[in-house]
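Presented below is the structure to which this report refers.
The values are calculated or read from the model by the stated rules, or taken from the named source; none is laboratory data. Treat the numbers as computed from the prediction; the structure is a model and nothing was measured. Here the Cβ is made from the backbone with ideal geometry for all residues, glycine too, and neighbour counts use every protein chain on show. To get the accessible areas, we keep the full protein, side chains included, count just its heavy atoms, and leave off ligands, DNA and RNA. Shrake-Rupley method; radii C 1.70, N 1.55, O 1.52, S 1.80 Å.
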Amino acid sequence: MDPTAEIESGLSAFGEDFRAQFAAASSEQDLRAARAELLGKKGRLTQLLKLMGKVPADKRRELGEAVNATKQEVEQSFEARLKELGAAARKADLEATPFDLSMPGRSPAPRGHLHPLTQVRDEILDTFRDLGFSVAWGPQVELESNNFTKLAFPPDHPATDMQDSFWVKVEGAPADARVLLRTHTSNVQVREMSRHEPPMAVVSGGAVFRRDDDVTHSPMFHQIEGFLVDENVSFAHLKGVLTAFAQRMYGEHVSVRFRPSYFPFVEPGAELDVECVFCTETTKGDCRVCKGTRWLEVLGCGMVHPAVLEHCNIDSERFTGFAFGLGVERVAMLRYGIPDIRVLFENDPRFLAQF
Ligand code: DAH
């Protein structure tokens, strides 16, 4: 076919086509897709333009103008149809069921947060960090020697009954390597003192395990352990550091007292009490939290027993230290007035959402 005639008839067919396609487009998206196809690289207009080279020179200008006119027409009718579709969409919007401002909103998905025990643990660790302690961690499955022997518990010490341990069978382990779930975080004392030279000031926290189960005891609970070893450390340092801790936790003006107590790995040993922060003028003498004693037990502490230092290869003639340990659940239960320890481990969102 003669290229001139082919372009001419192609243009007129193309004209009919694009009008029909634009009219049929029922959304802006369809309309834009139709235009892209009609004018695109593979579109028919582009194919026709390729024939231009074969058209005799004297016809070229006339045909070129016709092609341009068609292109313009496509653009114009595209714009016109676009307006039409926009107006129709807006009209449909306005006529649709109106937006109901009184509908309840959709709340964003609830955000989680740290467990209250983790919050309390971190707060205690941070308080000691601020006092210059570093943080270390220890294992929950431990050798009897790190949990008891090196902490100067004599063999068959009643504490091993008192703490009624969970013993663990380790396949293939030597008979004398007895393994248990640690009954306290004091194992970290042994591990850190054996690995490092004094001076050192370390706190640790984590889960411990005892065969205990009632409203204030759980077979798994959490403790914080701390200790400081250096030359010339005295009981005055212990009192200074632990008083500073208690006042940061319970209020700057809270009174504290140290009561003699016994733990095999300290000498002398003590317990730290803080003035009951729950007593008020009206409850004094009849406070449910301190049971009328006006004091709350906060932690066990003492001067590290020389035998413990020696078991960790620290010269007990040159170095002294103090140590302390406290229960995380107890701090949380006192602070939030939680009467039953078990709710801390049930993970009921109605409880956890309150923190
Ligand atoms: N380990 C003790 C317990 O579980 C707590 C404790 C008492 C830790 C005195 C200490 C300490 O470091 O000096 O009951």
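Would region 57-79 turn up any residue that is more than 17 Å from ARG44 (Cβ to Cβ), in contact with an Asp or Glu (Cβ under 8 Å, 6 or more places away or on another chain) and modelled with pLDDT of 90 or more?
no
For region 232-264, how many residues meet the condition of being away from the ligand (no atom under 14 Å from the Cβ), in contact (Cβ under 8 Å) with a residue 60 or more places away in the chain and buried (at least 17 other Cβ atoms within 10 Å of the Cβ)?
Qualifying residue count, region 232-264: 2.
Given SER102, SER77, which one is open to solvent by 80 Å² or more (accessible area, probe 1.4 Å) and not basic (Lys, Arg)?
None of the others qualify; the one that does is SER102.
Under 8 Å between Cβ atoms, which residue pairs at least 6 apart in sequence (or on different chains) link something in region 203-231 that is under 20 Å from THR127 (Cβ atoms) with a partner that is assigned to a strand (DSSP E or B) and of a type in the set (Asp, Glu)?
Pairs that qualify, where the first residue is under 20 Å from THR127 (Cβ atoms) and the partner is assigned to a strand (DSSP E or B) and of a type in the set (Asp, Glu), are VAL203/GLU225; SER204/GLU225; GLY205/GLU225.
Go through region 173-191 and give me each residue that's more than 12 Å from the ligand (Cβ to nearest atom) and either touching a residue at least 60 places away in the same chain (Cβ under 8 Å) or outside any loop (DSSP other than H, G, I, E, B) (or both).
Hits for region 173-191 are VAL179, LEU180, LEU181, ARG191.
In region 255-285, what count of residues is obtained for those that are touching a helix residue (DSSP H, G or I) at 6+ places or on another chain (Cβ under 6 Å) and modelled with pLDDT of 90 or more?
4
So, in region 20-42, exactly how many residues are within 24 Å of ASN68 (Cα to Cα), touching a residue at least 40 places away in the same chain (Cβ under 8 Å) and assigned to a helix (DSSP H, G or I)?
Matching residues across region 20-42 total 4.
Please find, among ASP212, ASP156, the residue that is farther than 18 Å from LEU309 by Cα, assigned by TED's automatic domain parsing to the domain that holds PHE324, more than 12 Å from the ligand (Cβ to nearest atom) and surrounded by fewer than 18 Cβ atoms within 10 Å (Cβ to Cβ).
When all the criteria are applied, what remains is ASP156.
Which condition from (1) at pLDDT 85 or above; (2) outside any helix (DSSP H, G or I) is the one that GLU123 breaks?
(2)
Which residues, taken from region 54-74, are surrounded by 11 or more Cβ atoms within 10 Å (Cβ to Cβ) and not basic (Lys, Arg)?
VAL55, GLU62, LEU63, GLY64, ALA66, VAL67, ALA69, THR70, GLU73, VAL74
Give me the pairs: first residue in region 78-102 and among the basic types (Lys, Arg), second residue in a helix (DSSP H, G or I) and surrounded by 10 or more Cβ atoms within 10 Å (Cβ to Cβ), beta-carbon distance under 8 Å, and six or more apart or on different chains, which are they?
Matching pairs, first to second residue: ARG81/PHE22; ARG81/ALA23; ARG81/LEU31.
Look at ARG288 and say whether it is modelled with pLDDT of 90 or more and either among the basic types (Lys, Arg) or under 27 Å from VAL120 (Cβ atoms) (or both).
no
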